[in-house]
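J.: Please find one structure pasted underneath; my questions will follow.
The values are calculated or read from the model by the stated rules, or taken from the named source; none is laboratory data. Treat the numbers as computed from the prediction; the structure is a model and nothing was measured. Here Cβ is always computed from backbone atoms with ideal geometry, including for glycine, and neighbour counts include all displayed protein chains.
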Ligand SMILES: NC(=O)c1ccc[n+]([C@@H]2O[C@H](COP(=O)([O-])OP(=O)(O)OC[C@H]3O[C@@H](n4cnc5c(N)ncnc54)[C@H](OP(=O)(O)O)[C@@H]3O)[C@@H](O)[C@H]2O)c1
């Protein structure tokens, strides 16, 4: 299975479907990532705070694929934000991964009360010039946070990884980020299977198209030009979750999923959410 890519503002091609590795660790993580690579995934999404970068690195090596064929994303944890500590945080991640560079490095959360995300991004720009990072990115950044890093560095983030799913489609936020040329990547796109996959609107479309509910939700995101990093520990579900290019939602199907918006704000509000 071949997964299409989108061109980032860094010039790099990023697969529109990636494999989310949270919460797996150790050998289980390595085996799951190897299965995902076997199904065609080429983007692996990890983070310093997931405590599994070593397992990701092992999978990259054991896959036998040339490094250039894989797209590895990791994230700067909150406790490493700041001048000097951003460099140290990335160097520790690269050491755990056993890699010379990452394709995409994200600031995991803006932590505005800490007030260090702008200087962290400026240091990431230096690390990119040194070749340790191929594309600069952010996660959970609202337009005000994006504006602040661009004002300081003149470099628009290539990617903003955001919580986007049927219960929280966040149309205004997604459109505002997309207008800047930053690619939106959805985390928890399946809402961790907490009910949305059983919603009658989703199962009805899935039944009509002969695919799974997860495929409907992921395809709905792709048709909004939102890229995705679903997680599954199951090789079968990994395979179907990436098999999104042989069917299409109609305008009516898109509207039916849009209508699942709860209108309830996300719990992890980037203006106040803190994790380190
Ligand atoms: N930037 C951030 O702040 C942030 C925050 C959270 C997550 N992330 C990233 O986003 C990735 C994805 O998010 P997530 O793992 O929270 O949630 P998710 O991908 O929405 O859901 C994962 C859950 O859904 C189940 N699942 C997967 N495919 C399924 C299918 N086809 N049918 C039924 N159930 C299915 C999985 O169970 P099985 O394993 O049993 O299939 C797992 O319990 C993470 O792994 C992580 O890399 C980033």
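J.: In the range 59-69, is there at least one residue being surrounded by 14 or more Cβ atoms within 10 Å (Cβ to Cβ), outside any helix (DSSP H, G or I) and in contact with a strand residue (DSSP E or B) (Cβ under 9 Å, 6 or more places away or on another chain)?
T.: no
J.: Related question: Between residues in the range 186-208 that are farther than 29 Å from residue 44 by Cβ and residues that are more than 6 Å from the ligand (Cβ to nearest atom), which pairs lie under 6 Å by C-beta distance while being six or more apart or on different chains?
T.: Close Cβ pairs satisfying both conditions: 201/256; 203/213; 205/216; 205/253.
J.: Among (1) more than 13 Å from the ligand (Cβ to nearest atom); (2) out of contact with any strand residue (DSSP E or B) (no Cβ under 8 Å at 6 or more places or on another chain), where does residue 51 come up short?
T.: Result: residue 51 passes all but (1).
J.: Return yes or no: is residue 14 surrounded by 24 or more Cβ atoms within 10 Å (Cβ to Cβ), more than 11 Å from the ligand (Cβ to nearest atom) and either touching a residue at least 60 places away in the same chain (Cβ under 8 Å) or not in a loop (DSSP other than H, G, I, E, B) (or both)? Before the answer, list the steps.
T.: On the way: surrounded by 24 or more Cβ atoms within 10 Å (Cβ to Cβ): yes; more than 11 Å from the ligand (Cβ to nearest atom): yes; either touching a residue at least 60 places away in the same chain (Cβ under 8 Å) or not in a loop (DSSP other than H, G, I, E, B) (or both): yes.
Yes.
J.: Among the candidates 34, 43, single out the residue that is farther than 18 Å from residue 100 by Cα and either surrounded by fewer than 19 Cβ atoms within 10 Å (Cβ to Cβ) or out of contact with any helix residue (DSSP H, G or I) (no Cβ under 6 Å at 6 or more places or on another chain) (or both).
T.: Working: 43 fails: farther than 18 Å from residue 100 by Cα.
Just one listed residue meets the conditions, 34.
For (1) under 30 Å from residue 25 (Cα atoms); (2) modelled with pLDDT under 95; (3) touching a strand residue (DSSP E or B) at 6+ places or on another chain (Cβ under 9 Å); (4) within 14 Å of the ligand (Cβ to nearest atom), each residue gets a yes or a no:
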{"position": "165", "(1), (2), (3), (4)": "yes, no, yes, yes"}
{"position": "172", "(1), (2), (3), (4)": "no, no, no, no"}
{"position": "179", "(1), (2), (3), (4)": "no, no, no, no"}
{"position": "184", "(1), (2), (3), (4)": "yes, no, yes, yes"}
{"position": "188", "(1), (2), (3), (4)": "yes, no, yes, yes"}
{"position": "197", "(1), (2), (3), (4)": "yes, no, no, yes"}
{"position": "200", "(1), (2), (3), (4)": "no, no, no, no"}
{"position": "215", "(1), (2), (3), (4)": "yes, no, no, yes"}
{"position": "224", "(1), (2), (3), (4)": "no, no, yes, no"}
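J.: Given the options 33, 44, name the one that is in a helix (DSSP H, G or I), closer than 30 Å to residue 267 by Cβ and either more than 19 Å from the chain's Cα centre (by Cα) or within 15 Å of the ligand (Cβ to nearest atom) (or both).
T.: Details: 44 fails: in a helix (DSSP H, G or I).
It is 33.
J.: Starting from residues that are under 18 Å from the mean Cα position of the chain (by Cα) and crowded, with 19+ Cβ neighbours inside 10 Å, keep the ones in the range 17-30 and report whichever is nearest to the ligand (Cβ to nearest atom).
T.: If we take residues in the range 17-30 being under 18 Å from the mean Cα position of the chain (by Cα) and crowded, with 19+ Cβ neighbours inside 10 Å, then 20 is nearest to the ligand (Cβ to nearest atom).
J.: When you scan the range 71-167 for helices (runs of 4 or more DSSP H) that lie fully inside it, which ones turn up with 3 or more residues that are buried (at least 22 other Cβ atoms within 10 Å of the Cβ)? Working first, answer last.
T.: Details: elements: 85-97, 117-129, 143-153.
By residue number, 85-97, 117-129.
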